[in-house]
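Q: Here it is, the structure in full.
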Amino acid sequence: MKSLDKKLFRDLWHMKGQALAIVLVIMSGISTFIMFLSVMDSLMLTRGRFYGEHGFADVFANCKRAPESLKERIAAIPGVALVETRVAAEVKLDIPDFSEPVTGHLVSLPDDRPPLLNTLYLREGRLPEPWRDNEVVVSEAFAEAHRFHPGSSFGAVINGRWKTLTVSGIALSPEFVLAVRPGAISPDFKRYGILWMGRKALGRAYDMEGAFNDLSLTLSPGGDAGEVIRRLDRVLDRYGGFGAYSRKDQMSHRFLSEEFKQLQQFARIFPLIFIGVAAFLLNVVISRTVATQREQIAALKAFGYTTTDVAVHFVKLVLLVVALGTIAGILLGIRLSHGLGNIYMEFYRFPYFLYVLRPGVVGLAAGITGGAAVLGTIHSVWKAVRISPAQAMRPEEPAQYRKTVAERIIPAGILSQPTRIILRNLERRPVKAFLSIAGIAMACAIMVVGEFFGDTVNYMVDIQFRRVHREDMTVTFIDATSGKALHELQGMRGVEYAEPFRTVSVRLRSANRTYRTAIRGIAKESSLYRLLDEDFRVKAMPEAGIVLTDYFSKVLGVRPGENIIVEVLEGGRPVRTVPVAGFIREYLGLMGYMDLDALNRLMREGHAISGASITVDERLQPSIYRTLVEMPRVAGAVVRKDEIRNFYDTQAESMLFFTFVATILAGVIAFGVVYNSARISLAERGRELASLRVLGYTRGEISYILLGELGLLTLLAIPLGFLFGRWLSDYVAVAIESDLFRIPIVIESATYSLAASVVVVSAAVSGLIVRHRLDHLDLVEVLKTRE
Amino acid sequence: MNTTAQHAGSETAGIVFQVRGLTKVYEMGEVKVQALRGVDWDLAEGELIVLLGPSGSGKSTLLNIMGGLDTASGGTVTYRGKELTLATEQELTEYRRFQVGFVFQFYNLIPSLTARENVSVVTEIAKEPMEPENALALVGLSERLDHFPSQLSGGEQQRIAIARAISKNPAVLLCDEPTGALDSQTGVVVLEALERVNRELGTPTVIITHNADIAAMADRVVHLSNGMIVNIATNAARRPPAELRW
């Protein structure tokens, strides 16, 4: 090894504390980068493999009832490769020892052959025997939630008839990687499950022998999804088609894609913060190192080392620190990836998790960090090595100080001498002071962003489940039913109040933009389901026209007063022009709302309802549910409180993970910045402080000069960090918003105080470490060394 | 710039340095400091010169310009026929790398490297260097090869610095107050090392000092004062450093 390289390693060892702090910051940046990107890549790879091996379809459609013979016609549509028809139905389930409403989505499997598309990955047991109407395969998440194994059984109401179903196997499907009940905001593994049964048996139960109501197909290479969908809709139109859709609108696929988008955004934001901070810290530390080695540089140059040789030497030092941080970051990143991967696998049910860390990701991480670090340091290195050796050998001119603005404003006598030293020091190097503040502020901002999701979720739950929904239970009927059904509900023991609603599947159209959704018809003066305007005031439902989720203004480009075309996808399938009566603020999904009577007029169906919101006597809730299970026309019921609880249960683990990661990361940054600043101040001003000690200052007093400055920086950084945090949250929210959800920026004061606390504690810890050094300042030695 | 010592112009044969009308002005903020006010002087092959003068007389400035560490404000310095004052940054670097051995008052060792490694730092980039061990043996430090500067006395550190300077077999040896930070006993050891290199290897050597007692070991003594040469004295015979006392 060359002597200069030996020097490199020894120099690094000499500044190991500071180097370690920087390595930790780089490690944090690289590991989050690796974590987010590799988890995204892994999930994409896993999804791709699972989709490929299990024939995930390209286009999906549902209809009322179509003859099996139609399959031939559909297969003949240009661009269609394989077609699979199925029978699918929502069923009420009655799980032993679980008294809450549970819904199942029952899907048929061919009896005489394996399925062509959306095939099952059997985790346990076997497929149901053909023709058997009491055997089902159940989805894994649902089976786990209820501890089902092959042989377990539970009750189900299939087309109004009670049946005991036995679990023959447990499976996963590319179609239901994430199984979310339509209309729900998060998966509920306990209360929603996917069941598969033989086609014949299911067809018989639903009067679908020789017919189907669910269809999926794959496209041949070069097949145009849009064109296939248009033709398919035309074919299914007569049979009550609800409108075909491609993968990108398939729920499970949709959620996965949104998740990838989020991971990509996170991978973009968090690591950049760390890399920026690391570059700044390296700049500070390397500048200092270069300054202390002024005479060594002079000697090296006097012996004929070129300016470039010496610069390269210091750049190597930078790269060495970066390399250490990168390696540590990759290792930690892989570890964190598995943690995050496991959390995702709880939600997204894949048969396996193919972990992949692309060399490109590692290369990019190392490249960006190395590049930023070199860019961040090259200026100070170059400035130091460029000076002529003769000049470098002369001691640096004393730093120039002057009276500060604060001193001019605050009358003399109020500021103590040490406080003046602090102020002058900050004012002398305003850029460095500002960057230190910015660095610490970033720590604070990371905490805010990490925690703000929790606050937002609380807020969304509050809006959605406490201010919009005010019922105890929502009951849905199998089909739109006569308004009389409401009286039946009202007459039940324990039901205090019932309010009808109607939902209709529609395609909304404005110019050439369309969106498939539903219109909810709400009773006049509804009290259990309320519309909230942009300021969350209760908005009265207009007599005429349609009220839309505000995000529709982006999706369809419509404004209040303009007309949109409503293509109803059920019943008589009318197409109507309806004026937009206004917008309401909603964070989840996109919906249209109309007055119930107006909607029924639009449908020309008389007084029909799809379900009811009810309030109940809580003590009688279990018995009410039992009655509902037995009512043939009731498709299912959802208890609002269960929904809230489930939501928090499913989110809790990932929230905790993010809080944990954010806290560690923020702590690392705050520690890194404060510790490095302190060590450098100590190195630069050790003589000055030792001199003060000799003059009779106490340890506490000299610590105040050094640490007081850092304390001041930290205090200034916290409000700035709140601001950065708010901006970053805004950025994240806008970057990941979609028609599935929008994220309101809600940051609770608890989040701010937690962020501030983490920063203050990290700063205090680094301060204490430096204080320890200050206490052991060797007065004589420091005074002897020549600066 | 030609870096081989043998290529010398005929008119300056036997002359290593030819300094003519050399001036140097430092601008320190608004203050101008005239460090050299027109210096004329030649250094011949094999000579050992002592540059004498009080602090601020311009000794170090002269030496730094001769060593290619600093640039002149006016006048010329010719090294073996080549004008240093016209050399580019790159040429000066090469000149320092291959021609000059420099010894500093404060040693300027690299604290994170051992004695041997401090010498290697120079031999690694030189053309036909000595083994670092041999260079250290010349200054009597064979026993201290793997000690770090902090484990050595000032005299030992300065001898490493000398070993470092001579290890590249320099064409000229320039020493800035090599004994300035040492007591007289240690100073003698250091001067002996320099004298021995000059005598055995024939390396032309310039030693700066403000200590007149050292002048007796030189072939010639150049007195500087206030940026000008006030006197050049030739010693009839060089006295061995061991006989010097101060």
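What follows is calculated from the coordinates using simple rules that are stated; it is not laboratory data. Everything quoted here is computed from the prediction, not taken from an experiment. Please note: Cβ atoms are built from the backbone with ideal geometry, for glycine as well, and neighbour counts cover all protein chains shown.
Q: Quick one: of the DSSP bridges fully inside segment B:10-243, what percent are antiparallel, nearest 5?
A: Values: 24 of 41 bridges.
So the antiparallel bridges amount to about 60 percent of the total.
Q: Same structure, new question: Put +1 on the Cβ of every Lys and Arg and -1 on every Asp and Glu Cβ in segment A:55-254; which of A:P101, A:W162, A:A61 then has its Cα farthest towards the positive end of the dipole?
A: Checked the options; the winner is A:A61.
Q: Given 0.36 nm per residue, what is the gain on full extension from A:M655 to A:S69 after removing their alpha carbon distance, in nm?
A: Values: separation 586, 0.36 × 586 = 210.96 nm, distance 4.99 nm.
Here the segment from A:M655 to A:S69 would lengthen by 206.0 nm.
Q: Say the dipole of the protein assembly as shown comes from +1 at the beta carbon of Lys and Arg and -1 at that of Asp and Glu; which of A:L628, A:L489, B:V189 then lies farthest toward its positive end?
A: Final value for the positive-end residue is A:L489.
Q: 5 Å is the cut-off here: which amide hydrogens, built 1.01 Å from N in the peptide plane, fall below it relative to B:F17, excluding neighbours closer than 5 in sequence?
A: B:L43, B:R80
Q: Step by step: find N for chain A, compute 2.2 N^0.38 Å, then divide the Cα radius of gyration by it. What's the final number? Walk me through the numbers on the way to the answer.
A: Working: Rg = 33.3 Å, N = 787, 2.2 N^0.38 = 27.7 Å.
Normalised Cα radius of gyration, chain A: 1.20.
Q: Then there's this: As I understand it, the value is the acute angle between the Cα axis of helix B:154-166 and the longest principal axis of the Cα atoms of chain B; what does it come to in degrees, rounded to 10?
A: The answer is roughly 70 degrees.
Q: With helices defined as uninterrupted DSSP H runs, which ones in chain A have an alpha carbon span along their own long axis of at least 15 Å and mean Kyte-Doolittle hydropathy of at least 0.5?
A: Details: long enough: A:3-14 (16 Å, -0.83); A:16-53 (51 Å, 1.01); A:225-237 (17 Å, -0.16); A:251-292 (61 Å, 0.77); A:307-347 (57 Å, 1.34); A:359-386 (37 Å, 1.00); A:417-428 (16 Å, -0.81); A:430-461 (45 Å, 1.37); A:640-694 (71 Å, 0.27); A:699-736 (52 Å, 1.22); A:749-775 (37 Å, 1.04).
Both cut-offs are met by A:16-53, A:251-292, A:307-347, A:359-386, A:430-461, A:699-736, A:749-775.
Q: Just to check I understand the Karplus step: with θ = phi - 60° and J = 6.51 cos²θ - 1.76 cosθ + 1.60, what whole-Hz values come out for segment B:76-83, glycine and proline as x?
A: Listing the rounded values in order: 10, 10, 10, 10, 6, x, 10, 7 Hz.
Q: What list of whole percents do you get for P(r) of segment A:76-130, with Cα-Cα distances grouped in 10 Å bins up to the one holding the largest distance?
A: Taking every Cα pair in segment A:76-130, the percentages come to 17, 36, 32, 12, 3, 0.
Q: Further, regarding this structure: For helix B:184-201, what angle does its Cα long axis make with the longest principal axis of chain B, in degrees from 0 to 90 and rounded to 10?
A: 70 degrees
Q: Next up: Given a Förster radius of 25 Å and the C-beta distance between A:I378 and A:I327 as r, what FRET efficiency does 1/(1 + (r/R0)^6) yield to the nearest 0.05?
A: Details: r = 23 Å, r/R0 = 0.90.
It comes to 0.65.
Q: Turning to a different aspect of this structure: Quick one: in segment B:10-243, what % of C-alpha pairs are over 34 Å apart? Please report the intermediate quantities before stating the final value.
A: Details: 3167 of 27261 pairs.
Roughly 12 percent, rounded to a whole number.
Q: Provide the FRET efficiency to the nearest 0.05 for the B:M28-A:L415 pair, computing r from the beta carbons and using R0 = 30 Å.
A: Details: r = 32 Å, r/R0 = 1.06.
It comes to 0.40.
Q: Another question, if that's okay. Over segment B:112-246, what per residue volume does the convex hull of the Cα atoms give, in whole Å³? Don't skip to the answer; put the middle values down first.
A: Details: hull volume 16.3 nm³, N = 135.
Convex hull volume per residue, Cα atoms: 121 Å³.
Q: Now a separate question. Quick check: the angle from helix B:89-98's long axis to the longest principal axis of chain B, C-alpha only, nearest 10 degrees?
A: 40 degrees
Q: Modelled label-to-label distance, A:K2 and B:N211, 7 Å Cα→beta-carbon offset: nm?
A: Computed distance between label sites A:K2 and B:N211 equals 3.7 nm.
Q: Could I ask something else about it? Can you figure out the FRET efficiency of A:S553 with A:R467, using R₀ = 22 Å and their beta-carbon distance, to the nearest 0.05?
A: On the way: r = 22 Å, r/R0 = 0.99.
Once rounded, the FRET efficiency stands at 0.50.
Q: Across peptide A:386-392, how many C-beta atoms of other chains are within 10 Å of each residue C-beta, on average?
A: Numbers: counts 1, 0, 7, 11, 11, 4, 2.
Taking all residues of A:386-392 together, the mean is 5.
Q: Can I ask one more? Between A:V734 and A:Q262, what is the spin-label point distance in nm, taking each point 7 Å from the Cα along the Cα→C-beta axis?
A: For the pair A:V734/A:Q262, the computed spacing is 2.0 nm.
Q: Simple spin-label model, 7 Å along Cα-to-Cβ: A:R428 to A:S99 in nm?
A: With each label point 7 Å from Cα toward Cβ, the separation is 7.5 nm.
Q: Please get the size of the charge dipole for chain A, origin at its Cα centre, with Cβ charges of +1 on Lys and Arg and -1 on Asp and Glu, quoted in debye to the nearest 20. List each step's numbers first, then the result.
A: Numbers: 92 positive and 80 negative charges, 521 e Å.
For this selection, approximately 2500 debye.
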